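Peer 1: What follows is a single structure, and I will ask about it in a moment.
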Amino acid sequence: MLNLAHIRSQFPILTREIHGRPLVYLDHAASAQKPIAVIEAQREYLMHHHSNVHRGVHELSQLATDAFEAAREKVRTHIGASSTEEIIWTSGATDAINLVAQSWGRAEISPGDVILITRMEHHANIVPWQMLAEEKQAKLEVVEVTDEGVIDEADFQEKLKKNPKILAIIHVSNVLGTVNDVKRWTKKAQQVGARVLIDGSQSIPHLAVDVVDIGCDFFVFSGHKAYGPTGIGVLYGRKELLEKMPPWRGGGEMIDVVDIEKGTSYAALPHKFEAGTPHISGAIAMGVALDWMNGTGLQSIGDHERALGAQARHLLSDVEGMRFIGEAQERTGVVSFLIDGLHPYDVGTLLDQMGIAVRTGHHCAQPLMARFQISGTIRASFGAYNTMQEVDALAAGVERASRMLR
Ligand code: C6P
């Protein structure tokens, strides 16, 4: 059980008001609020320890480098990777997927090759592959999603017969909350020779992840959805693959020797993929965010959010014309819904006037919206700090908004 009063006291933003009403923040899936430990870690670093990393022999540079590399080690242990050489800092999940598409993809994808994604991907796990497919005259194939919002097993088997070179798949849907059995899909895809990239943006904040147990080749996520800062994220890649992949961005930090005449040789992993000055304070604070999640208890966080989601669905189902999108057995707490005859934006705007922050729209998953023949949903998503009282406020707010709009 989470101690909610204690947890909430660690999130300064939760005491503020919006339009004169107490903030009810139900948009964790877009970005998590930050505990004091994370805010302070960045402040402390910038106040007392800031310098560039891997650059100088002076004391501050050493301190900054040690803290930066210690954060990498925290990420490694958190996701069960074998070595810090397999942990690349990126600016976020989007950046990490683009890195794989541009480095691995440009080297490995040839005309006619198949790249396999699913209908429930976020645009971040669609567009980089579309761009690659266009450049390489490869084919983008899509595994369909059932009415319940789960991956269509039969279609998946069919698409595997096309021998894809890579499967890029979302771990937890940001719209449906569906938790995909990525270990099983990884095994099946690898049996036909595919590499597997998992978009863990919505799993890392809610579930324990072990990349070795899953067996995937790449795993990506952003720090800001997991209580960390914006502008920092991670690419995990199996060392054997990363070693063969060419660098993507060139510049300082990622080189061994630069010679105008003879050309440039590159740094060893993980630095080969980290051109330029990184987001040092972000990486350090992200390490602290992982500590915070582990200290709070990932299992308890996940259980709490699922209970909030279940209660939200229970209360919201009393609202006339309610339709939920996403009925998978295995789900996180996120709740996506529509109300017959009402536009999600109108409902979202009225909720905002009541101090309730939800996300409305296509959630950067337009192909999934097209699958359900809708333009968007209203989405409530939860974090460790949300309460049952906030769920009550949501249900009452939606009821009121729908009465006002009818
Ligand atoms: N989803 C949401 O409200 P970045 O922007 O790189 O930090 O994360 C992109 C991303 C990738 N994959 C998934 C599954 C995601 O949910 C997101 C971000 C937010 O659902 C903003 S669109």
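The values are calculated or read from the model by the stated rules, or taken from the named source; none is laboratory data. These numbers come from a predicted model, not from an experiment. Glycine gets a Cβ as well: all are built from the backbone with ideal geometry, and neighbour counts include every protein chain shown. Heavy atoms of the whole protein, side chains included, go into the accessibility calculation; ligands, DNA and RNA do not. Shrake-Rupley method; radii C 1.70, N 1.55, O 1.52, S 1.80 Å.
Peer 1: Ordered by residue, what ³J(HN,Hα) values in Hz, to whole numbers, does the range 316-323 give under the Karplus form 6.51 cos²θ - 1.76 cosθ + 1.60, where θ = phi - 60° and Gly and Pro are x?
Peer 2: After applying 6.51 cos²θ - 1.76 cosθ + 1.60, I find 5, 5, 6, 6, 4, x, 6, 9 Hz.
Peer 1: Give me the distance in nm between label points sitting 7 Å out from Cα along the Cα-to-Cβ direction at ASP392 and ASN52, one decimal.
Peer 2: Between ASP392 and ASN52, the label points sit 5.6 nm apart.
Peer 1: Now for a separate question. Whole angstrom only: what separates the Cα centroid of the range 344-396 from the Cα centroid of the range 179-248?
Peer 2: 27 Å
Peer 1: Continuing with this model, one more query. Between ILE13 and LYS244, how many nm apart are label points set 7 Å from Cα along the C-beta direction?
Peer 2: Each label point is offset 7 Å from its Cα along the Cβ direction, giving 4.2 nm.
Peer 1: OK, next. If you count only protein heavy atoms with a 1.4 Å probe, what accessible area per residue comes out for the chain, rounded to a whole Å²? Could the numbers behind the result be given before it?
Peer 2: Values: 16770 Å² over 406 residues.
Roughly 41 Å² per residue, with all protein chains present.
Peer 1: Convert each backbone phi in the range 192-207 into a coupling constant with the Karplus relation 6.51 cos²θ - 1.76 cosθ + 1.60 (shift: θ = phi - 60°), then list the ³J(HN,Hα) values in order as whole Hz, x for Gly and Pro.
Peer 2: 9, x, 7, 7, 10, 10, 10, 8, x, 4, 9, 9, 3, x, 10, 10
Peer 1: Need the full-extension length gain, ARG106 to ALA70, defined as separation in residues times 0.36 nm minus the C-alpha distance. One decimal, nm.
Peer 2: Length difference between fully extended and current span is 9.8 nm.
Peer 1: First obtain the Kirkwood hydrodynamic radius of the range 278-406 from its Cα pairs, then insert it into the Stokes-Einstein equation at 37 °C and 0.692 mPa s, and state the resulting D in µm² per second as a whole number.
Peer 2: 205 µm²/s
Peer 1: While we're on this one: Compute the longest continuous run of the chain that contains no exposed GluC sites (Glu not before Pro); treat a site as exposed when its DSSP state is not H, G, I, E or B and it has at most 15 other Cβ atoms within 10 Å.
Peer 2: Here the longest run is 1-143.
Peer 1: Just the number, please: carbon plus sulfur as a percent of the accessible area of the chain, 1.4 Å probe, no ligands or DNA/RNA counted.
Peer 2: 50 percent
Peer 1: What residue among ILE374, ILE115, ILE39 has the largest mean-square fluctuation in a Gaussian network model of the chain, using Cα springs under 10 Å?
Peer 2: Looking only at ILE374, ILE115, ILE39, the biggest GNM fluctuation is shown by ILE374.
Peer 1: Given an 8 Å cut-off on Cα distances and at least 6 residues of separation, report the relative contact order of the range 40-135 as a percent. List each step's numbers first, then the result.
Peer 2: Working: 51 pairs, mean separation 15.3, N = 96.
It rounds to 16 percent for the range 40-135.
Peer 1: Got a sec to turn the phi values of the range 355-362 into Karplus ³J(HN,Hα) couplings, 6.51 cos²θ - 1.76 cosθ + 1.60 with θ = phi - 60°, whole Hz, x for Gly and Pro?
Peer 2: For the range 355-362, the Karplus curve yields x, 9, 9, 10, 9, 10, x, 8 Hz.
Peer 1: Here is a further query. Give, as ranges by residue number, the residues of the range 198-233 whose backbone N falls under 12 Å from the point 7 Å along Cα→Cβ of GLN190.
Peer 2: 211-218
Peer 1: Give me the one-decimal Kirkwood hydrodynamic radius in Å for the chain, with the sum taken over alpha-carbon pairs.
Peer 2: So the Kirkwood estimate lands at 22.2 Å.
Peer 1: Quick one: grab the alpha carbon gyration tensor of the range 1-144, order the square roots of its eigenvalues as a ≥ b ≥ c, and give me rounded if a/c is under 1.5, else prolate or oblate depending on whether a/b is larger than b/c.
Peer 2: Because a/c hits 1.5 or more and a/b fails to exceed b/c, the range 1-144 counts as oblate.
Peer 1: In nm, to one decimal, how far is the modelled label at MET404 from the one at ALA208, with both set 7 Å along Cα→Cβ?
Peer 2: 4.4 nm
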